[in-house]
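Below is one structure, written out as structure tokens; the observations come after it.
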Amino acid sequence: ICPRRKIVMRLLTSLALPLFASNSFAGAKKDHAEALIKWLKTENGVFNPKTSFRSAVPNDFNSVYGYFADEDLAKDELLFELPRSLIVSNGGEPTYMPLECDTARNLAKEMKLGSESAYAPYVEYLLDSQPPGQIPSAWSEAGQELFENILRSKTEEELPPEYPTDWLRDDWHHDCGGSYDPVEIHAAQIVIQRAWDNLMIPIYDMFNHRNGHWFNSVDTGVHSNRTILIRASRDIRPGQQIYNSYNQCRDCGGRLTDYGTPEILRDYGFVETFPQRWIFEHYDVAFEIDEKYKQGKATGEYVLKEWILTKPDEDDIYMLLNRIEVLQDDMETLLSDRDPAVPEREWDIIFEFANAMVFAVNFAVESFEKKSCIKGGCSILPGYQDFDKTVGIFLESSYTEYTCNYDEVMRRLDKEPYEDLERIRSLYQTSTFSWNKETRATCF
């Protein structure tokens, strides 16, 4: 018999977490996009006039802001061409340290120059649209503590992401020897969130992230010495958003199999929309879940797209499930009442992320169980569909009156003529085997 398990908590897909909710900000973003495109063209760059940065619903500044196709785009059509003279960098080759220290310092210098900077349109966009405090490492002390407590338990392995709040403390202040100057700290955060290693690339870093079929752009390689070309990776219809990927792009290095939804929250400050990738390294379990769409609309149904690298062992996935049950207990303790010391946005993101993880693991376990059963062998035995009825599978009919009461059953089997043979505890149930010395029947 293959066990069935209900998903105990769903991802709060309706939770809206806009970084900036005001209409005035969305309007300012539009103005910055126009200034950046104008700057691009004056520097001999190219921008496809069939595309634009705008709200998903024109003139509705509360809708998603992104990069959209306004007319049909063919596969491989040029979206924009960006000269390397517009890139802010460390002035040399990437160091491949987690944080490119000199890129952050150079960006801070330009931010201090503001409108006097050679990169003024870009710097002014970053200052207006990318406030500090977006990534967990820059959250309030109370927010960081809550996030870490959700991921940790005194007796269990830590849940991903690793080093959830270490960017500024360890990488900027310690490894880079970075100062506590607010502008430099802000610049370091921007580099963490938006850089391709040592490169800050205007306009390209304004693309929103989404994987799967949604990911529909490709670059020619940002680390070459050539002009950066961004093209459509497939045909794109009018009104569709043009996305980049933060972990499956051409220049994303080894992120494909070890970087997913938790790491995106750590490094970019948001819980990604489906599809989501969850990599639980300590448990050797990794998978991708996506939402089904029909006629362009989300159905609220989900599918496990793949086990990343390999399908997990049964012991591993049930150990992970056990850890998620501990997480749920911690959530009831830590998230049942809003802590006023934690800013609302931080609280909402932690709450969304924890729910997303619980849903993802429960769904993956359910998918694992379905696909692990031999075809036709996953149904519950008919005799166990309704324990209030006598189904005739016991030697003593009177025994069935106790089948709904565990304590009564156990007291019955603890008496003569029953003899306890063995007790086996798995990650999700305890099985007790007893022998009736008179009838020679084995019960469990």
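So here's what we get for this one:
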| item | result |
| --- | --- |
| Any hit, region 47-70, residues being acidic (D, E), in a loop (DSSP other than H, G, I, E, B), under 30 Å from G253 (Cα atoms) and in contact (Cβ under 8 Å) with a residue 40 or more places away in the chain | no |
| Residue in region 355-366 that is among the hydrophobic types (A, V, I, L, M, F, W, C) and surrounded by fewer than 17 Cβ atoms within 10 Å (Cβ to Cβ) present | no |
| Any hit, region 347-354, residues being crowded, with 16+ Cβ neighbours inside 10 Å and either among the hydroxyl-bearing types (S, T, Y) or assigned to a loop (DSSP other than H, G, I, E, B) (or both) | no |
| Extreme residue, farthest from Q144 (Cα to Cα), among residues of region 233-266 that are within 15 Å of the chain's Cα centre (by Cα) and of a type in the set (D, E) | D258 |
| Residue list for region 129-138, restricted to those being within 14 Å of W167 (Cα to Cα) and either open to solvent by 10 Å² or more (accessible area, probe 1.4 Å) or of a type in the set (S, T, N, Q) (or both) | P132, G133, Q134, S137, A138 |
| Residues satisfying the stated conditions in region 43-73, i.e. open to solvent by 30 Å² or more (accessible area, probe 1.4 Å) and touching a Lys or Arg at 6+ places or on another chain (Cβ under 9 Å) | R54, F61, Y65, D70, E71, D72 |
| Residue match in region 243-253 (condition: closer than 21 Å to N208 by Cα and charged (D, E, K, R)) | yes |
| Filtered residue count, region 189-229, keeping only those that are assigned to a loop (DSSP other than H, G, I, E, B) and surrounded by fewer than 17 Cβ atoms within 10 Å (Cβ to Cβ) | 7 |
| Sole exception among (1) open to solvent by 40 Å² or more (accessible area, probe 1.4 Å); (2) farther than 26 Å from I185 by Cβ for L40, by number | (1) |
| Count - residues of region 135-185 that are closer than 21 Å to E344 by Cβ, in contact (Cβ under 8 Å) with a residue 24 or more places away in the chain and either touching a strand residue (DSSP E or B) at 6+ places or on another chain (Cβ under 6 Å) or part of a helix (DSSP H, G or I) (or both) | 9 |
| Any pair with Cβ under 7 angstrom, 6 or more apart, that starts in region 84-102 at a residue that is free of Cβ contacts under 8 Å to residues at least 24 places away in the same chain and ends at one that is in a helix (DSSP H, G or I) | G91/D102; G91/N106 |
| Selection status of Y259, farther than 27 Å from I37 by Cα and touching a helix residue (DSSP H, G or I) at 6+ places or on another chain (Cβ under 6 Å) | no |
| Residues of region 230-283 satisfying the condition of being open to solvent by 50 Å² or more (accessible area, probe 1.4 Å) and small (G, A, S) | G253, G254 |
| Filter result (within 16 Å of M206 (Cα to Cα), within 29 Å of the chain's Cα centre (by Cα) and aromatic (F, W, Y)) within region 44-84 | F53, Y65, Y67, F68, F80 |
| Positions within region 162-178 being in contact with a Phe, Trp or Tyr (Cβ under 9 Å, 6 or more places away or on another chain) and closer than 20 Å to L320 by Cβ, in sequence order | P164 |
| Test result for L40, of a type in the set (A, V, I, L, M), under 20 Å from T220 (Cα atoms) and outside any strand (DSSP E or B) | yes |
| Which listed residue is open to solvent by less than 30 Å² (accessible area, probe 1.4 Å) and either over 20 Å from Y204 (Cβ atoms) or at pLDDT below 95 (or both), from L126, L113, L146, L107 | L146 |
| Answer residue from region 318-355, given it is within 16 Å of P136 (Cβ to Cβ) and aromatic (F, W, Y) and is farthest from the chain's Cα centre (by Cα) among those | W347 |
| Of all residues making up region 39-58, the number that are out of contact with any strand residue (DSSP E or B) (no Cβ under 9 Å at 6 or more places or on another chain) and either within 22 Å of I236 (Cα to Cα) or not polar (S, T, N, Q) (or both) | 4 |
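The values are calculated or read from the model by the stated rules, or taken from the named source; none is laboratory data. Only a predicted model underlies this, so the values are computations on that prediction, with no experimental measurement involved. No Cβ is skipped: glycine too gets one built from the backbone with ideal geometry, and neighbour counts run over all protein chains shown. Just so you know, the surface numbers come from the protein's heavy atoms only, side chains and all, with ligands and any DNA or RNA stripped out. Shrake-Rupley method; radii C 1.70, N 1.55, O 1.52, S 1.80 Å.
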